[in-house]
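The next block holds one structure in the form of structure tokens; read it before the comments.
The values are calculated or read from the model by the stated rules, or taken from the named source; none is laboratory data. Nothing here was measured: the structure is a model prediction, and the numbers come from that model. Note that we place each Cβ from the backbone using ideal geometry, even for glycine, and neighbour counts take in every protein chain shown.
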Amino acid sequence: MKKLLTGLCIGVLLLLVILLLEYYTDIDLLIQEHFFDRANNRWLIYPALHKKLSFIFYSGLKNVLIATAVFCLIRLLYSIKHPHLRAGNQPYLIMLLSIIFVPLIVASAKYFTNVYCPYQLNIYNGLYPFVRILENYPADFTQPKPGRCFPAGHATAGFAFMALFYCFKSKKNRILGLCLGLILGWTAAIYQMYRGQHFLSHSLFSMVSAFMVIMIINYLIKRIYKENY
């Protein structure tokens, strides 16, 4: 428990740092500017191009997530008739629960934060004012619809694979598993930045939050198995 609480406290501090950097610096705007084609007034990955790339970078990642979840579920169900396999269910449970709860918890938070996507902002030819995450909207601004872009949602499908860090015994494989999750998560995150869907801070917040959820899942599963096996 002490190790978990320490990890969660570090996570909360990192989330606070991300929010403060977004509030007090222009790092989001400076980076996002590289993804917007001012000459043609469009994002570097525009809708027509997105249709061509989606099967790899958008729907493709979701399919990998679903396939992994199905594999873990089949393995867990198979162990019901083969009791000798149950002691080895931990990594499959951790992975399956991470796939379910990381997107569910982290991505669902965007329905409460009321933050718009870059492509929706007037600084990028959108309709809404640019307001930082911790700021209020102008008093004279009437929202036609709430923002749904913070934290980043699509990247959580990749960041959920950071759970592989807890699915192996050797240090080398744990690090490789973590790196795979980071690669998948940031591939999705950067792709979305190219589309004007998210700022950097949105994905950083999702990454840290995702690992915090994974830490909790790992702790609960390990505790259950410690008590029963």
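Of all residues in segment 1-42, which are among the basic types (Lys, Arg) and part of a helix (DSSP H, G or I)?
2, 3
Among the residues of segment 170-210, write down those that are in a helix (DSSP H, G or I), aromatic (Phe, Trp, Tyr) and crowded, with 24+ Cβ neighbours inside 10 Å.
205, the sole residue that qualifies.
Any idea how many residues of segment 32-60 are closer than 28 Å to residue 162 by Cα and in contact with a Gly (Cβ under 6 Å, 6 or more places away or on another chain)?
0
Here's the yes/no breakdown for (1) buried (at least 21 other Cβ atoms within 10 Å of the Cβ); (2) touching a strand residue (DSSP E or B) at 6+ places or on another chain (Cβ under 8 Å); (3) of a type in the set (Gly, Ala, Ser):
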position	(1), (2), (3)
74	no, no, no
86	no, no, no
94	yes, no, no
103	yes, no, no
119	no, yes, no
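Give segment 30-45 a look and list any residue that's crowded, with 16+ Cβ neighbours inside 10 Å and under 22 Å from the mean Cα position of the chain (by Cα), or say none.
If the condition is that a residue be crowded, with 16+ Cβ neighbours inside 10 Å and under 22 Å from the mean Cα position of the chain (by Cα), then 32, 35, 43, 45 are the ones that fit.
Please determine, by comparing only the residues of segment 55-72 that are surrounded by fewer than 17 Cβ atoms within 10 Å (Cβ to Cβ) and closer than 19 Å to residue 191 by Cβ, which one is nearest to the chain's Cα centre (by Cα).
Taking the candidates together, the pick is 62.
Of the numbered conditions (1) exposed (fewer than 14 other Cβ atoms within 10 Å of the Cβ); (2) touching a residue at least 40 places away in the same chain (Cβ under 8 Å); (3) part of a loop (DSSP other than H, G, I, E, B), residue 150 satisfies every one except a single condition; which is it?
(1)
For segment 123-134, which residues satisfy the criterion of being exposed (fewer than 12 other Cβ atoms within 10 Å of the Cβ) and under 27 Å from residue 207 (Cα atoms)?
Listed by number, the list holds a single entry, 134.
What residue, of 45, 18, 10, 56, is of a type in the set (A, V, I, L, M) and farther than 29 Å from residue 133 by Cβ?
Every option except 56 fails the conditions.
Answer yes or no as to whether residue 139 is out of contact with any Cys (no Cβ under 8 Å at 6 or more places or on another chain) and modelled with pLDDT under 95.
It is true that residue 139 is out of contact with any Cys (no Cβ under 8 Å at 6 or more places or on another chain) and modelled with pLDDT under 95.
Answer yes or no as to whether residue 78 is over 22 Å from residue 206 (Cβ atoms) and either aromatic (Phe, Trp, Tyr) or touching a Leu at 6+ places or on another chain (Cβ under 6 Å) (or both).
Yes; evaluated as a whole, the condition is true for this residue.
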